[in-house]
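Any read-out appearing in this document is the output of simple, stated calculations on the displayed coordinates, not a laboratory observation. Owing to the predicted nature of the structure, the values given are computational and were not obtained by experimental measurement. Cβ coordinates were reconstructed from backbone atoms using ideal geometry, including for glycine residues, and neighbour counts include every protein chain displayed.
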Amino acid sequence: MGTIIRLANKKSGVGCMDDLYKSVEALDEQFLQSKACKTMLLNPRSAHEIRCKNLVLKIDDTEPTKIYTCSKLYCPIKIWNKKAYRLASMVENFECRCGQAMDKEVFLEYQKGITYGHEVFMKETSRKFMITDDLHITPVSMSDSLAVFRQRGLESGNGIEVRTVMVDEEEVLHLLKRSLLSKTPMTDTFLSNEENTENVTPFEPLSRPNHLENRFRKMKVKLFINKPSRRVLCLEAKEDFTNLVLSFLTLPLGSIIRLLGGHSSMGSLDNLYETVGSSKMKDFFNSTEGKDLLLNPKLPLHFSLDEQLPIKEEDPIAHEGRRCADCFRKNMVCSGPWGEKLCFMNPKLPGQVAREGGFIKKETLLLINDDLTIQPLSPIHGILDLDKLNVLVSNSEDYEIEVGEEE
């Protein structure tokens, strides 16, 4: 989600996500566990970036993940069943446990489960696909074509105009943005020069999805409300709830739709998600794994939290050999101990290899406004915010509530 907000230049129109993103940009690093936390939130990487590198048109300008170790020739540590691993980091100059900076870039020569062909998700096929205005995708067939005509009240080909359009980065970005908001993203992108507000998806109240489990520890927050309007002004939260709100920027779209039971109210994306899971498309994916990456994408390594929505994190990178950057570029065999397995340090928690951990320092209280902007706890900020909203101090009240997985 954070990548989409950034590519849309913080003008995505997706709820309060633009405001949340700007709030993270402005957040003082003293509240974060490490400097890397802000980068993880503003430039979240994909757990499936290796597969997506073969896309014909790439709109994401995020740099590919690089892997670093310290320059010390032999620096293994023993963890997990007393096996030796070499510490590595996805953050350059991160401090190794030996005290040296991790500034030696290494290249993995083999990664388990990754196919290095030119396919991405779909098989190579001579079949063509029909994508409707609301992003339903089906293989081209006479029955499906007639069904689309009937749905749109078309009795003949009269009035139908065929156009060939060129699609480049600008159109794809516009289509992505409109697919989050509109039921007619194709029309908005290719036929309209103005933002269409008539077909913007209304918000649908959500009931608790059946697949959610009651394994989520409830968190306490203090709500401040305007008594006459019963509107939430802001809430005071510890790091657990703030971490959860911040993690919205790191969630893959497919996982968001799955968590909401296919009823996300995000434009036409629910239709696209439904299409991927339909029986008509099952034979066109290059693997079951590729299909699952779209329906149930994982979080990148070290992006999970202690209190986490039910989204799995990718497994640590497996490999059968690697070379340092210099030897890779020169196509030379590396003399270093590159057969060791890697153990990745957690960029959120300096000096640790734990899989979880939050972005915000422990015992930190922050204010989260109704538009998801986050700011330090300060009586002056509170009074100024009341003034902006034209709310009298006497008309505000506070009380403590518990927030669980459903909320």
Legend entry - Distant-in-sequence amide H partners of MET130 (H built 1.01 Å from N, under 5 Å): THR138, VAL140
Legend entry - For segment 217-317, the spread of Cα positions along each principal axis, largest first, Å: 56, 35, 19
Legend entry - Local electrostatic count at LYS38 - Lys and Arg +1, Asp and Glu -1, tallied over other residues with Cβ under 9 Å: -1
Legend entry - Rh by Kirkwood over Cα pairs, then Stokes-Einstein D for segment 122-166 at 1.567 mPa s and 4 °C, µm²/s: 106 µm²/s
Inset, instruction - Could you pull out the pairs from LYS66/LYS238; LYS282/LYS312; LYS104/LYS361; LYS227/LYS362 whose alpha carbons sit more than 25 Å apart here? - result: LYS66/LYS238; LYS104/LYS361; LYS227/LYS362
